[in-house]
Amino acid sequence: MRLSRFYLPLLKETPSEAQIVSHQLMLRAGMARQESAGIYAWLPLGFRVLKKIEQIVREEQDRAGAVEMLMPTIQSADLWRESGRYDAYGKEMLRIKDRAEREMLYGPTNEEMITEIFRAGVRSYKDLPKMLYHIQWKFRDEVRPRFGVMRGREFLMKDTYSFDADAAGARRSYNKMFVAYLRTFARMGLVSIPMRADTGPIGGDLSHEFIVLAETGESTVFCDRRLLDLAVPGPDTDFDQDLQPLIDRYTSYYAATEEKHDAKEFEAKVGAADRIAARGIEVGHIFYFGEKYSKPMKAMIAGPDGKERPAEMGSYGVGVSRLVGAVIEAHHDEAGCKWPLPVAPFHVGLINLKQGDGATDSACAKAYEALTQAGVEVLYDDTDKRPGEKFAVMDLVGLPHQLVIGPRGLAAGKAETKRRADGHREELPVEEAIAAVKKSVRDGLALR
Ligand code: ATP
Ligand code: MG
């Protein structure tokens, strides 16, 4: 993509309404724009990151055996009356009337709808287990939308729903999502910690919030430092094997959100040096709730004995749009974003130091062609701005690799590469510089 054609409305000043660094950088780097309180337009740069995050979420859901579909954003109030949540949900629900005065709503979540879809198509334990998901916009009229896309009113969520014939099956589904979540966040360059979370009136121990530690996080959390070093299950993980030992390894360490925190247990289980009391960002939440919706909504399953009972269900959410902010919180410096390659809006920023200089233009055009042909995503700064300004823009945008070509280097046959993560620079013969960038991108995208 040529920068001269792209739409990258940068801001010179940090907008005063942005309190945390991810929000500031998203506005400054022209990634998103607030259209109403907590409602954002995704500008081209931010949209590319959002799509990359969404794709990683999708790939790991598919790997775990979940099946993608798409449910609408607008739902009928009657559906929510079946579960009793239409009145219970309160002001966070955006309620709408259509022209026939029918009560509708913009979905804050989809348990009711998926239960209705499921009960229309599944009758027998032989059809189970099933895990269905979609990636769709949600609306919650939050009291305090803030921190940009971190707490929006309209936000993109991946929500999966599992259906099993019995509690043991439901736990297997839960475990699959647990492992899928660890992999999902790790692929974005995030260390996520599954923490015991509130289950509400249903009880049980099957609810975990996946938390990324960050000073700007809204959750107060407590955990064992050793959790940060646990190896994340690899891409060869067999989701049909018994995942319980893997889950047990994680849950044997203390980790709890404020609501579930037990100070006595924390001190007994975790040595003083390993105790972390910190703030974190909730990027995902998995939850087993059994018959909560299937019972009132009569999503019945016939067992081997022919007897019918409500399906055992769970739901599993990922904050896809929130993750864009979370990744920035984890990867930035004073100059701007430092995108991990798998979620970077482009892989490489190509900087032409002297637009209009024949040799430089043609070397840049060649490099652009060679990289693009190899599947590398390049943002080519072909504008006539000064070099200093181009460097600042590229650092702000934060692409993992920079390739800098100018008349002085070219006179010696050279170009410069710069790695955004650690600032490492190298002057190399032009062909070698292109090959080095290509290789770094390839290696960086290899599945882990
Ligand atoms: P929170 O405690 O942050 O309000 P929640 O517990 O209400 O979130 P869930 O219903 O568990 O959220 O939704 C699943 C995921 O959706 C959350 O883990 C979070 O990552 C994301 N999410 C929830 N609310 C918002 C929001 N207002 N803006 C952006 N993402 C959100
Ligand atoms: Mg939650």
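Figures for the structure shown
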| item | result |
| --- | --- |
| On Cα atoms only, tilt of 358-373 relative to the major axis of the chain in degrees | 30 degrees |
| Cβ-placed point charges (K, R +1; D, E -1), dipole of the range 204-348 about Cα centre in debye, nearest 20 | 300 debye |
| Theoretical FRET efficiency, 1/(1+(r/R0)^6), r = Cβ-Cβ of Glu101 and Ser36, R0 22 Å, to 0.05 | 0.30 |
| Gyration tensor verdict on the range 21-336 (Cα atoms; rounded if a/c is under 1.5, prolate if a/b is larger than b/c, oblate otherwise) | oblate |
| Overall form of the range 78-170 per C-alpha gyration tensor (a/c, 1.5; a/b vs b/c) | oblate |
| Heavy-atom accessible surface of the range 21-336: percent carbon and sulfur, 1.4 Å | 49 percent |
| Rough spin-label spacing in nm, given labels placed 7 Å along Cα→Cβ, for Lys295 and Ala263 | 3.6 nm |
| For the chain, calculated [θ]222 nm from helices alone, where every DSSP H run of n ≥ 4 adds -39500 (n - 2.57) | -10000 deg cm²/dmol |
| Estimated FRET transfer efficiency when R0 is 45 angstrom, pair Trp137-Asp305 (beta carbons, to 0.05) | 0.60 |
| DSSP-assigned coil residues among GluC sites (Glu not before Pro) in the range 154-230, each with at most 15 further Cβ atoms within 10 Å | Glu215, Glu218 |
| Net charge contributed by nearby residues that have their C-beta within less than 14 Å of Pro387 (K/R +1, D/E -1) | -1 |
| Length gained when the stretch Ala374-Phe6 is fully extended (0.36 nm per residue, less Cα-Cα span) | 130.4 nm |
| Environment charge at Glu82 (Cβ cut-off 15 Å; Lys +1, Arg +1, Asp -1, Glu -1) | -1 |
| 0 to 90° range, to nearest 10: angle between helix 111-121 axis and the chain longest Cα axis | 70 degrees |
| Student exercise, the chain dipole from Lys, Arg, Asp, Glu Cβ charges, in Debye to nearest 20 | 620 debye |
| Cα shape, the range 334-394, gyration tensor, a/c 1.5 rule | oblate |
| Residue list for the range 348-370, given a label point 7 angstrom along the Cα-to-Cβ vector of Thr383 and an amide N cut-off under 16 Å | 349-356 |
| Accessible area per residue, Å², the chain with all protein chains present, probe 1.4 Å | 45 Å² |
| Under 17 Å from Lys298, Cα to Cα: aspartates and glutamates that are on another chain or at least 8 residues apart | Asp78, Glu82, Glu111, Glu112, Glu116, Asp127, Asp164, Asp166, Glu308, Glu312 |
| Portion, in percent, of the accessible area of the range 385-448 that falls on carbon or sulfur, probe 1.4 Å | 53 percent |
| Positive-end residue, the chain charge dipole about Cα centroid, Cβ charges, pick of Gly107, Ala167, Tyr368 | Tyr368 |
| Peptide ranges 79-92, 340-353, 29-42 listed from the most packed, as the mean C-beta count within 10 angstrom indicates | 340-353, 29-42, 79-92 |
| Extension gain from Ala435 to Ala231, taking 0.36 nm per residue of separation minus the Cα-Cα distance | 70.3 nm |
| Cβ crowding within 10 Å averaged over residues, with 382-388, 165-171, 286-292 ranked highest first | 286-292, 165-171, 382-388 |
| Hypothetical label at Glu92: residues of the range 98-120 whose amide nitrogen lies under 15 Å (7 Å Cα-Cβ projection) | 106-112 |
| Point-to-point label distance, Gln241-Ser362, nm (Cα→Cβ direction, 7 Å offset) | 5.7 nm |
| Computed FRET value (nearest 0.05) for Val67 with Arg275, which takes r as the C-beta separation and R₀ as 51 Å | 0.80 |
| Percent antiparallel among DSSP beta bridges (both partners in the chain, rounded to 5) | 85 percent |
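The values are calculated or read from the model by the stated rules, or taken from the named source; none is laboratory data. Keep in mind that this is a model prediction, so the values were computed, not measured. Positions of Cβ are generated from backbone atoms using ideal geometry, with glycine treated the same way; all protein chains shown enter the neighbour counts. The accessibility values were calculated without ligands, DNA or RNA, using every heavy atom of the protein model including side chains. Shrake-Rupley method; radii C 1.70, N 1.55, O 1.52, S 1.80 Å.
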